[in-house]
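The values are calculated or read from the model by the stated rules, or taken from the named source; none is laboratory data. The model shown is predicted, which means the values in this text are computed figures rather than measured ones. Heads up, the Cβs are rebuilt from the backbone with ideal geometry, glycines too, and the neighbour counts pull from every protein chain shown. The protein model used for the area step is the full one, side chains on, heavy atoms only, and it has no ligands, DNA or RNA in it. Shrake-Rupley method; radii C 1.70, N 1.55, O 1.52, S 1.80 Å.
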Amino acid sequence: MNLMQYMLAQQAIEETFWRKAPGQGLILWVVIGLALGTGLCFLLSTVPTNLRKKVIFTFTFLAGLPYVLAFLWPRPISADFTNDIPRNKGEEIGFFINQAVEPVGTLTNILGGFLLGVGIFSLVRVHSIRIKRRQENWGYSLVLLASFAIMTVVGFWDWRLRAFVDQTGALNVRDNWQPVNYAQDLLFEGIYQQMDSAMFSMIAFFILSAAYRAFRIRSVEATVMMASALILMLNLMGALTYAWGEGINNLVVQTGNPFLMNFKLNVFADWLRSTMQIPAIRAIDFGVGLGALAMGLRLWLGLEKGGVTA
Amino acid sequence: MFNWLQGEQYLDTAPVGIFVTLLVVVFILVNISRAKKGSEGLFIRRISGLNAIDDAIGRATEMGRPVLMVPGIGALDAISVQAVNIFAQVTKSAAQFSTPVRLCCGNAAVYAFAQEVIRDVYSQQGMGDRFTPETVQYISEQQFAFAAGVSGIIHREKVAATFLLGAFYAESLIFAETSNAIGAIQVAGSTQVTQTPFFIAACDYVLIGDEFYAASAYLTREPVLVGSLVGQDWAKILVASTVLFGTIFQSVELTGMTTEHRAGNAMVSVAESSNGERTEERKKKTDTMTNRLFNPFIPEELTKIEREKKETAQAAEGEGE
């Protein structure tokens, strides 16, 4: 499989108003896309500062419009927007709007891909400068750049072998691996994943030290928090919960007062969760949701004064 | 009954969900309009986490150390844009005292956006030359590689203050505890309710919930932002009222007797019950008017609609068989 066949295999088959399958003219479309993109980038770089806000607003508004319309217009029920035929005019409009959502998402991904290049450029520049000027700890920068280069080369080589050279899927079996496949496995599974797990496991120690500071009884709030945490933690200890529960059962039998059942650890912990914790979380979620809605609305309508228009 | 409104989103909560959303949008736009005409009478309560910004920058200036800012590891969305907006204000204050800042990004799009914003802030302060490649840095898209990178910067540069605002996950505590270990002042805020407790346990000041979104209005007193905040408050009153009245109506209704109830794919009157006897029973939670308002009864045939397939799809299905 060559690159052309690979790209053709990746593209969608079904066409919509928003998505065309270029077929054999793929290279031509790629060239046209590149030329248009380069021209657009050049034009954008010449836009005067006072027009930048309008350009950004226009792009933001157009990109957000399909999502807003898709939210408001009745979305055809259990529809496959690519393969189904709409039943009436209302559904036709619904199909048209919902088909537009995917290409906008794809465009965002493409922009994200370009921006990743900008990010990598920043990373390489910062560490190259550090090495060049022999700044403090420049050795770490050298290790970073070397790791970055080795991982990129080995990763692409491994992918190329698996996607283009290996037609039969023989590389899925370890016995057929080539040296580069072993190298990729060592770098990714053997080193990267292990370091990632090590970093994650450190959180356990950080939780301990943070909990120690947070649960020191300094104020009423800290005392309440510590008491609640203690009840919830004790509730997770099966033997203790059982023994405590049995003690309460005996007390109820002796005193004849069923109200004491509320003091079982699991009942008290459930009460804390359902009556205190969940309402608080829901209240915070309402506030956050409304804040996100307001922020999104301001961005979409170009009312936000922050960012590049500050 | 619902044939005129065949939309998936209308089946879930009836038009109520869409109507409430539009009402909130109207609240926000009306208040922005009001604030533009004059925002003097609009009050924002004191938020201690945001008052601490100047103290933190002052401390960094006295110690001659940088201020670290992290907008989380989320993609470029409302949360990261808001975080960068707050950081623009922090940078503005820091630039006035020539205090260096470090903004570490875990997403390339956020990095590109933050770089533009922070560079603009320095230019506006007439200090364009102070913006260096290290001011805004891209670290890594991988969660723990990013955590390790930022922790390294905190340790090596001995930052005096850290601002952790945005979408954080498991790495939140790594940043907070590393900053605490070197004695930095920490101001944190996350929209993730699962991470907020970690920040409360480990940081000096925490923005909880929508305080994060109120921050730019609080810091800038920009009429559009203040108006938007008041609109959000109106919406919160609406939500709280709905919860309150819903609770009361639901409680009152549950004390009554039912005349009909849901049975599978139909509403069955008590008078038509299977054994032919009229038996009154207490209403269930699903029988109340409040519940039905938000969960309308939808016949099953309306939730699944069969459509004709395009010719190409039919051919593909034929090949598959």
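Being modelled with pLDDT of 90 or more, more than 15 Å from residue A:191 (Cβ to Cβ) and of a type in the set (S, T, N, Q) is the filter here; which residues of the range A:129-168 pass it?
A:141
Within the range B:155-178, restricting attention to residues that are hydroxyl-bearing (Ser, Thr, Tyr) and closer than 21 Å to residue B:215 by Cβ, which residue is most open to solvent (accessible area, probe 1.4 Å)?
B:169
State whether one or more residues within the range A:6-21 are part of a helix (DSSP H, G or I) and within 13 Å of chain B (Cβ to nearest Cβ).
No.
Looking only at the range A:266-308, how many residues end up being in contact with an Asp or Glu (Cβ under 7 Å, 6 or more places away or on another chain) and open to solvent by 50 Å² or more (accessible area, probe 1.4 Å)?
Final tally of qualifying residues: 1.
What are the residue pairs meeting all of these: first residue in the range A:254-278, first residue among the polar types (S, T, N, Q), second residue in a helix (DSSP H, G or I), Cβ atoms under 6 Å, and 6 or more apart or on different chains?
Qualifying pairs under 6 Å: A:266/A:235; A:266/A:241.
Among what's in the range A:90-139 and is basic (Lys, Arg) and more than 8 Å from chain B (Cβ to nearest Cβ), pick the residue that is nearest to residue A:64 (Cα to Cα).
Restricting to residues being basic (Lys, Arg) and more than 8 Å from chain B (Cβ to nearest Cβ), the top hit is A:130.
Filter the range B:169-224 for residues that are within 9 Å of chain A (Cβ to nearest Cβ), farther than 19 Å from residue B:51 by Cβ and in contact (Cβ under 8 Å) with a residue 40 or more places away in the chain and give the result.
Of everything in the range B:169-224, those that are within 9 Å of chain A (Cβ to nearest Cβ), farther than 19 Å from residue B:51 by Cβ and in contact (Cβ under 8 Å) with a residue 40 or more places away in the chain turn out to be B:171, B:191, B:224.
Name, by its number, the condition in (1) open to solvent by 40 Å² or more (accessible area, probe 1.4 Å); (2) away from chain B (no Cβ under 12 Å) that does not hold for residue A:166.
(1)
Across the range B:87-109, what is the number of residues that are closer than 16 Å to residue B:168 by Cβ and either more than 9 Å from chain A (Cβ to nearest Cβ) or surrounded by fewer than 21 Cβ atoms within 10 Å (Cβ to Cβ) (or both)?
4
For the range B:47-85, give me the residue count where each residue is outside any helix (DSSP H, G or I), in contact with a helix residue (DSSP H, G or I) (Cβ under 9 Å, 6 or more places away or on another chain) and open to solvent by 20 Å² or more (accessible area, probe 1.4 Å).
Of the residues in that region, 5 qualify.
From the list B:16, B:24, exactly one residue is surrounded by 15 or more Cβ atoms within 10 Å (Cβ to Cβ) and modelled with pLDDT of 85 or more. Which is it?
B:24
Would a scan of the range B:112-135 turn up a residue that is outside any helix (DSSP H, G or I), touching a strand residue (DSSP E or B) at 6+ places or on another chain (Cβ under 9 Å) and not charged (D, E, K, R)?
Yes, because at least one residue in the range B:112-135 is outside any helix (DSSP H, G or I), touching a strand residue (DSSP E or B) at 6+ places or on another chain (Cβ under 9 Å) and not charged (D, E, K, R).
Looking only at residues in the range A:220-237 that are open to solvent by less than 50 Å² (accessible area, probe 1.4 Å) and either outside the structural domain of residue A:262 (by TED's automatic domain parsing) or without any contact (Cβ under 8 Å) to a residue 12 or more places away in the chain (or both), which one is farthest from residue B:170 (Cα to Cα)?
The selected residue is A:227.
Restricting the search to the range B:110-132, which residues are of a type in the set (Gly, Ala, Ser) and either more than 10 Å from every other protein chain (Cβ to nearest Cβ) or more than 24 Å from residue A:117 (Cα to Cα) (or both)?
Result: B:123, B:126, B:128.
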